[in-house]
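The next block holds one structure in the form of structure tokens; read it before the comments.
What follows draws every value from the coordinates through simple rules; no lab data is involved. Note that the structure is a prediction, hence the values are computed from the model and not measured. Here the Cβ is made from the backbone with ideal geometry for all residues, glycine too, and neighbour counts use every protein chain on show.
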Amino acid sequence: MPLLLPPLVTLAFVLVLAHHYLAAGRSDLLVLALTLAVSGLVAWILGTIGLAILRAGHWGDLWTKVFIPAMIGVLTALVSIIVTARLMFISSHDLILLTLLLIFSLAVSVPFAMLAARMLANRVAIFGRAAQAMSEGRLDTRVPVDGSDELDRLALLFNQMAMRLEEASQQQIEAEDARRQLIVAISHDLRTPLSSIQAMVEAIEDEVVDGETARYYLSQILVETRGLGLLINDLFELAQIDAGALRLHIERNRAAMLVADALDTMQPKAEQKAITLRCLGENEDYVVLADSSQIQRVFYNLIENALRHTPNGGGVVLNVSDAGPDVVFTIEDTGPGIDPDDRPHVFERFYRADRSRHTDGGAGLGLAIARGIVEAHGGRIWTDDSQTGARFSFSLPKVAD
């Protein structure tokens, strides 16, 4: 029915114009209507048959399927005009002349139809070559966009898809590389203490050591097993963070209380190395939204990292500052600092640079866990330059007054 509407509307419009401009009477209008109906019916039948054959054949490329319907339209118009002229009793001479004019018009229009079909086919072929390139792994392939028609909009969508696939592929490569590095790092951190434990157990079992040495070995075995337990707990916690399964009990917490609890927990470790551990200023007015137990884990990891790399007699300072919608906590030590080349990687798991800050122990997971916890709170964590040593900062959302 939608295809019949344009011819019927056009027929009515032609009859109105014939009546208005040609002063055609009722009988003339009836003849004109019948003539146009017959010619239109012939053209309709020819066009329908042609399209049906084209649709059912499943043959030809896009150029053929665009060019042939255009030619069907032209030929149906030609047949319609010839039939109409014949029924309107035009002389044979005039009919031949009209036919020749129509054939000439057809010859002029065919090259343009061929060119338009070829241009469309070429543009679609570009998509085919781009899709083929992507199927072969060249994910940086893009389709040129030269305008704003439907094919250009399709090109934009294609390029967006290609870009996302490229990003996903890069992330997959990075994830696979990280997985390999993780396996290597875990293997190293497990193999070393296990080898040490095995050697000490074998020495005790073979009775090649005296009682005092055996007791020392047992104490060392206990230390090593505790270290392995901490490593396993860290790995489990990282797995929870990566899976988004870290459970947080968010509530209002005073920044001063969080800092005070962290100082009380870490003070004994600081005293063992004669390191001064203190907080600058009073922060009673700052209230943050946080899971206090998880944030204490962040403080523990950062302060423990600072104490590990601060020489005896040095100092570690905590500070709290207002940063608009956030509260920023800063831990600064008097150690050797962090090399600028290492700074972008310090929060990566198992990253340990061969610098003065990385000469002793540690599995390299503490800072990665701290980052995961802070980001789960909607905050961020970073490190920047310090005049005294290393400085780590993290932010938490502040409760509005």
| said: How would the range 128-239 be classified by its alpha-carbon gyration tensor: rounded, prolate or oblate, with rounded meaning a/c under 1.5 and the a/b versus b/c comparison settling the rest? | reply: prolate
| Given labels modelled 7 Å from the Cα in the Cβ direction, how far is it in nm from Q160 to D146? | 2.3 nm
| query | Could the peptides 376-382, 139-145 be put in order, highest first, of the mean number of other beta-carbon atoms found within 10 Å of their residues? | reply | 376-382, 139-145
| field | Gain upon complete extension [L228, T99; 0.36 nm per residue less C-alpha separation] | value | 36.8 nm
| task | Report the calculated FRET efficiency for V9 and F127 (r = Cβ-Cβ distance, R0 = 60 Å), to the nearest 0.05. | result | 0.95
| request: Please give the length that would be gained between R118 and A33 if that part of the chain were fully extended, namely 0.36 nm times their separation in residues minus their C-alpha to C-alpha distance (nm, one decimal). | output: 26.8 nm
| note | Shape descriptor, the range 89-151: equivalent ellipsoid semi-axes (Cα gyration tensor, sqrt 5λ, whole Å, largest first) stand at 47, 10, 7
| remark: A student applying the Cα gyration tensor rule (rounded when a/c is under 1.5; otherwise prolate if a/b is larger than b/c, oblate if not) would label the range 176-256 oblate
| task | Binning at 5 Å from 0, report for the range 230-311 what percent of all alpha-carbon pair distances ends up in each bin. | result | 3, 13, 19, 21, 18, 15, 9, 2
| task | Step through the residues of the range 122-130 one at a time and calculate ³J(HN,Hα) from phi using the Karplus curve (6.51 cos²θ - 1.76 cosθ + 1.60, θ = phi - 60°), rounding each to whole Hz and writing x for Gly and Pro. | result | 5, 5, 5, 4, 4, 5, x, 5, 5
